[in-house]
Amino acid sequence: MTLNYIWIGFIIVAFVVALCKLILLGDTEIFTQITLSTFDSAKLGFEISIGLTGVLCLWLGLMKIGEKAGLVGLFARLASPVFSKLFPELPKSHPATGSIFMNFSANMLGLDNAATPIGLQAMQQLQELNPHRDRASNSMIMFLCINASGLTLVPITIMMYRAQFGAANPADVFLPILLSTVTATLVAIVSVCIMQKINIFQRNLLLFFGATAVFAGGLMWIFHYMSKEDVALYSTLFANILLFTIICGFLIAGFVKRLNVYDTFIEGAKEGFQTAIKIIPYLVAIFLAIGVFRASGAMDFFIDGVRVFVVAIGWDAGFVEALPTMLMKPLSGSSSRGMMLDAMNTYGADSFVGRLSCVVQGSVDTTFYVAALYYGSVAIRNMRYTIPCALLADLAGSVAAVIVTYLFFFGAS
């Protein structure tokens with residue numbers, strides 16, 4: 001029900017703001033702009049769904065091979081010591097555990113094209129275990145909130161954008177992003193654990209958190225001693241080698257198991273096509289609400305109000321110019337990316353605002369898009385406490401992004 005209220009709220013707020021602009025400011029074009037935004041948003045939702053079709057066919061086809069070849073089951077057994085604590089409702093070595101493991105791994109390495117279809121596969125497998133077909137299960141909520149927290153250890157895309165905009169060191173935001181996104185993910189896990197009464201001080205979970213910290217620290221140490229060119233080169237190279245190794249590994253495993261690899265791929269690809277069709281209405285709906293909210297000027301009013309408040313209480317208002325990226329990130333990945341690029345173009349890639357926008361962009365994920373996409377793929381309508389927990393993680397990640405950017409870059413030109 002949460003998303004239902006938020007969806008209605010966005011549209012009603014947009015109408016009220018537009019009406020005020022018409023009556024008080026004489027803006028006769030505002031309702032025309034809002035109406036046009038509804039058509040643009042519907043088109044965008046459809047285009048994104050269609051754009052996902054090829055990727056979904058590719059990865060769900062490969063996942064079908066991996067599942068029948070036993071690789072997904074192997075990943076499930078590897079992840080079981082930790083996932084059995086975070087997802088206590090999952091049967092031991094269930095295929096969903098392997099899919100969740102691969103989804104998280106792809107997200108951490110910045111492999112979005114692989115992560116999304118694997119995540120949709122995981123959600124469908126979780127739905128098979130769900131006794132309430134239109135109500136999110138505990139496992140679904142944990143999975144989606146961790147996804148929405150946006151844990152990315154190697155923000156390849158952001159570093160590439162910074163290089164394109166002439167940053168002196170495109171990788172200088174790596175550590176701030178890492179600290180912020182880890183904060184968001186920890187808050188997501190802890191908040192869901194509290195809601196589901198899961199003990200976070202279990203030995204396996206503590207070991208997992210410790211291993212993650214060591215791994216992140218190792219990456220930071222390596223990046224510290226590499227040039228910016230080497231960071232961009234080797235991080236991209238490693239990710240692409242890993243991606244293609246996974247593809248080849250699935251095919252070889254299928255061949256060894258004497259599967260008809262081609263037919264198995266086609267079987268999974270058909271499921272990918274069907275999934276792409278099912279998510280169209282959900283994406284159109286969420287982009288409609290976001291589109292009219294932006295077109296009405298409600299977002300601009302809110303940012304201006306925050307700026308006035310921050311100045312009035314005597315705080316530094318330098319972070320306010322990055323608020324568009326911060327506020328749009330939970331709503332729309334493409335819009336927040338556009339805000340980030342606009343901030344770097346306007347203020348400079350190495351400005352405080354430019355860097356903060358990049359850190360925010362890499363700290364969290366698009367909560368409403370992820371919820372609409374994943375839950376829409378299995379027709380879940382009652383999301384329970386998913387959105388509050390995910391937004392709490394977004395808030396934690398954004399606040400952490402502001403704090404660490406002040407610590408690392410305040411006063412930099």
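The values are calculated or read from the model by the stated rules, or taken from the named source; none is laboratory data. Keep in mind that this is a model prediction, so the values were computed, not measured. Cβ placement follows ideal geometry from the backbone for every residue including glycine, while neighbour counts extend to all protein chains displayed. Protein only, heavy atoms only, side chains kept; ligands, DNA and RNA dropped before computing areas. Shrake-Rupley method; radii C 1.70, N 1.55, O 1.52, S 1.80 Å.
Is it fair to say ALA390 is closer than 18 Å to VAL187 by Cβ and either modelled with pLDDT of 90 or more or surrounded by fewer than 19 Cβ atoms within 10 Å (Cβ to Cβ) (or both)?
Values: closer than 18 Å to VAL187 by Cβ: yes; either modelled with pLDDT of 90 or more or surrounded by fewer than 19 Cβ atoms within 10 Å (Cβ to Cβ) (or both): yes.
Here the answer is yes, as ALA390 does meet what is asked.
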| Only one of these conditions is not met by PHE265: (1) surrounded by 15 or more Cβ atoms within 10 Å (Cβ to Cβ); (2) closer than 25 Å to PRO330 by Cβ. Which number is it? | (2)
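Please go through the range 88-101 and give me each residue that is in a helix (DSSP H, G or I) and either in contact (Cβ under 8 Å) with a residue 40 or more places away in the chain or in contact with an Asp or Glu (Cβ under 9 Å, 6 or more places away or on another chain) (or both), ordered by number. Working first, answer last.
Here is the first cut: in the range 88-101, the ones in a helix (DSSP H, G or I) are 95-101.
Scanning the range 88-101 gives PRO95, ALA96, GLY98, SER99, ILE100.
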| field | The one condition in (1) in contact with a Leu (Cβ under 7 Å, 6 or more places away or on another chain); (2) open to solvent by less than 30 Å² (accessible area, probe 1.4 Å); (3) not aromatic (Phe, Trp, Tyr) that LYS85 fails to fulfil | value | (2)
| task | Specify which of the listed residues (SER99, SER37) is hydroxyl-bearing (Ser, Thr, Tyr), touching a Gly at 6+ places or on another chain (Cβ under 6 Å) and within 25 Å of LEU283 (Cβ to Cβ). | result | SER37
| message | I'd like the full set of residues that are crowded, with 18+ Cβ neighbours inside 10 Å and modelled with pLDDT of 80 or more, limited to the range 312-326. | response | PHE319, VAL320, ALA322, LEU323, THR325, MET326
| query | If the Cβ limit is 8 Å and pairs must be 6+ apart or interchain, which residue in the range 341-364 that is of a type in the set (Asp, Glu) pairs with which residue that is crowded, with 24+ Cβ neighbours inside 10 Å? | reply | none
| note | Within the range 294-305, the count of residues that are open to solvent by less than 30 Å² (accessible area, probe 1.4 Å) and not small (Gly, Ala, Ser) comes to 2
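So that you can scan it fast, the table gives a plain yes or no per residue for (1) of a type in the set (Val, Ile, Thr); (2) surrounded by fewer than 21 Cβ atoms within 10 Å (Cβ to Cβ); (3) part of a helix (DSSP H, G or I):
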{"site": "ASP27", "(1), (2), (3)": "no, yes, no"}
{"site": "THR32", "(1), (2), (3)": "yes, yes, yes"}
{"site": "THR38", "(1), (2), (3)": "yes, yes, yes"}
{"site": "LYS43", "(1), (2), (3)": "no, yes, yes"}
{"site": "ILE50", "(1), (2), (3)": "yes, yes, yes"}
{"site": "LEU56", "(1), (2), (3)": "no, no, yes"}
{"site": "LEU60", "(1), (2), (3)": "no, no, yes"}
{"site": "ARG77", "(1), (2), (3)": "no, yes, yes"}
| Can you name the condition, by its number, that ASN382 falls short on among (1) open to solvent by 10 Å² or more (accessible area, probe 1.4 Å); (2) of a type outside the set (Gly, Ala, Ser); (3) out of contact with any strand residue (DSSP E or B) (no Cβ under 6 Å at 6 or more places or on another chain)? | (3)
| Quick check: anything in the range 134-154 in contact with a strand residue (DSSP E or B) (Cβ under 9 Å, 6 or more places away or on another chain), open to solvent by 10 Å² or more (accessible area, probe 1.4 Å) and either modelled with pLDDT of 85 or more or more than 29 Å from MET340 (Cα to Cα) (or both)? | yes
| remark: Picking from ALA401, ALA396, the residue that is within 30 Å of GLN196 (Cα to Cα), within 16 Å of the chain's Cα centre (by Cα), open to solvent by less than 10 Å² (accessible area, probe 1.4 Å) and not aromatic (Phe, Trp, Tyr) would be ALA401
| Just to be sure, is SER180 of a type in the set (Gly, Ala, Ser) and more than 13 Å from LEU86 (Cβ to Cβ)? | yes
